[in-house]
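Undergrad: Sharing a structure with you now.
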């Protein structure tokens, strides 16, 4: 079983993470630019950027993005993914200690990451590196676990085989993270549809990218693989299954 150390728990899953995790809608960048009044060419710090998937919408929109990532393997994968995609650089740092200069960025974001933060320290660091106003956005891809038979069966597999799935699932709940990070409850929320389509190898990689799921060589891995195959065969159309997400974007200004 993995511990809950966020900086290392994905080290052995980087390839699967980069290959199969859901991306983020391009609409996030213009939404935040409009709602938060970002200047053209603004500098954005992506805290816990991982393999860089969450940086992509902002680079495509012409922003400067600094990916802050403490895990060496994840940070290297992000640099590889984003090479040539825009103005991007990665730094070795954490939300609580970014190693960025004071008043050097216009927006901080965190995607699938803020639930791991030490919130008081991360707030203080964000306020230190942000220019005024102290704009921030916390982003989660929430998987639809109930609307189809395929979604319900997949959720059942995660519950059956996930070592600490319930603990991680609880940590992912945004409600206990967002208000403490912003320091108030007057933040705003937007929800964007984010549908994904997976062939069988990508489905396997998506499962393996989750830190709570067994890897090859684990005693339960063959049974997991067999049940994934059965689920895929039962629900695939033209060699693919759908897995739908809602991208939840919480945004506003961090209170001093």
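Undergrad: So residue 95 passes all but one of these: (1) within 28 Å of residue 210 (Cα to Cα); (2) out of contact with any helix residue (DSSP H, G or I) (no Cβ under 7 Å at 6 or more places or on another chain); (3) surrounded by 18 or more Cβ atoms within 10 Å (Cβ to Cβ). Which condition number does it fail?
TA: Of everything listed in (1) within 28 Å of residue 210 (Cα to Cα); (2) out of contact with any helix residue (DSSP H, G or I) (no Cβ under 7 Å at 6 or more places or on another chain); (3) surrounded by 18 or more Cβ atoms within 10 Å (Cβ to Cβ), residue 95 misses just condition (2).
Undergrad: In this structure, does residue 73 turn out to be farther than 20 Å from residue 143 by Cβ and modelled with pLDDT under 95?
TA: yes
Undergrad: For the stretch 124-168, enumerate the residues that are without any contact (Cβ under 8 Å) to a residue 24 or more places away in the chain and buried (at least 19 other Cβ atoms within 10 Å of the Cβ).
TA: If the condition is that a residue be without any contact (Cβ under 8 Å) to a residue 24 or more places away in the chain and buried (at least 19 other Cβ atoms within 10 Å of the Cβ), then no residue fits.
Undergrad: Right, here's the next one. Would you mind telling me which numbered condition in (1) within 26 Å of residue 191 (Cβ to Cβ); (2) outside any loop (DSSP other than H, G, I, E, B) residue 26 fails?
TA: The single condition residue 26 does not satisfy is (2).
Undergrad: Just to verify a result, which residue in the stretch 62-72, among those that are assigned to a loop (DSSP other than H, G, I, E, B) and either touching a strand residue (DSSP E or B) at 6+ places or on another chain (Cβ under 6 Å) or on the phi < 0 side of the Ramachandran plot (or both), is surrounded by the most Cβ atoms within 10 Å (Cβ to Cβ)? Lay out the reasoning, then the answer.
TA: Taking the stretch 62-72 as the starting set, the residues that turn out to be assigned to a loop (DSSP other than H, G, I, E, B) are 62-63, 69-71.
If we keep only those that are either touching a strand residue (DSSP E or B) at 6+ places or on another chain (Cβ under 6 Å) or on the phi < 0 side of the Ramachandran plot (or both) too, we end up with 63, 69-71.
Values: 63: 24, 69: 26, 70: 18, 71: 21.
Top of the filtered list is 69.
For every residue, the table says whether it meets (1) assigned to a loop (DSSP other than H, G, I, E, B); (2) under 22 Å from residue 182 (Cα atoms); (3) in contact (Cβ under 8 Å) with a residue 60 or more places away in the chain.
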residue: 39; (1), (2), (3): yes, yes, yes
residue: 74; (1), (2), (3): no, no, yes
residue: 107; (1), (2), (3): no, yes, yes
residue: 121; (1), (2), (3): no, yes, no
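Undergrad: Identify, by number, the condition in (1) modelled with pLDDT under 95; (2) out of contact with any helix residue (DSSP H, G or I) (no Cβ under 6 Å at 6 or more places or on another chain); (3) surrounded by fewer than 21 Cβ atoms within 10 Å (Cβ to Cβ); (4) not in a loop (DSSP other than H, G, I, E, B) that residue 8 doesn't meet.
TA: Only one criterion in (1) modelled with pLDDT under 95; (2) out of contact with any helix residue (DSSP H, G or I) (no Cβ under 6 Å at 6 or more places or on another chain); (3) surrounded by fewer than 21 Cβ atoms within 10 Å (Cβ to Cβ); (4) not in a loop (DSSP other than H, G, I, E, B) is unmet by residue 8, namely (4).
Undergrad: Next question, about the same structure. For the structure I just gave you, tell me whether residue 102 is free of Cβ contacts under 8 Å to residues at least 60 places away in the same chain and under 24 Å from residue 27 (Cβ atoms).
TA: Here the answer is no, as residue 102 does not meet what is asked.
Yes/no matrix, rows are residues, columns are (1) closer than 20 Å to residue 250 by Cα; (2) at pLDDT below 95:
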| position | (1), (2) |
| --- | --- |
| 49 | yes, no |
| 54 | yes, no |
| 67 | yes, no |
| 85 | no, yes |
| 92 | no, no |
| 100 | no, no |
| 108 | yes, no |
| 113 | yes, yes |
| 143 | yes, yes |
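Undergrad: Would you mind listing the helices (runs of 4 or more DSSP H) fully within the stretch 145-256 where at least 2 residues are in contact with a strand residue (DSSP E or B) (Cβ under 8 Å, 6 or more places away or on another chain)?
TA: 149-161, 178-182, 200-208, 221-235
Undergrad: From 48, 78, which residue is free of Cβ contacts under 8 Å to residues at least 40 places away in the same chain, in contact with a strand residue (DSSP E or B) (Cβ under 6 Å, 6 or more places away or on another chain) and buried (at least 21 other Cβ atoms within 10 Å of the Cβ)?
TA: Answer to the check: 78.
The values are calculated or read from the model by the stated rules, or taken from the named source; none is laboratory data. The shown structure was predicted, so the numbers you read here are calculated from the model rather than taken from an experiment. Positions of Cβ are generated from backbone atoms using ideal geometry, with glycine treated the same way; all protein chains shown enter the neighbour counts.
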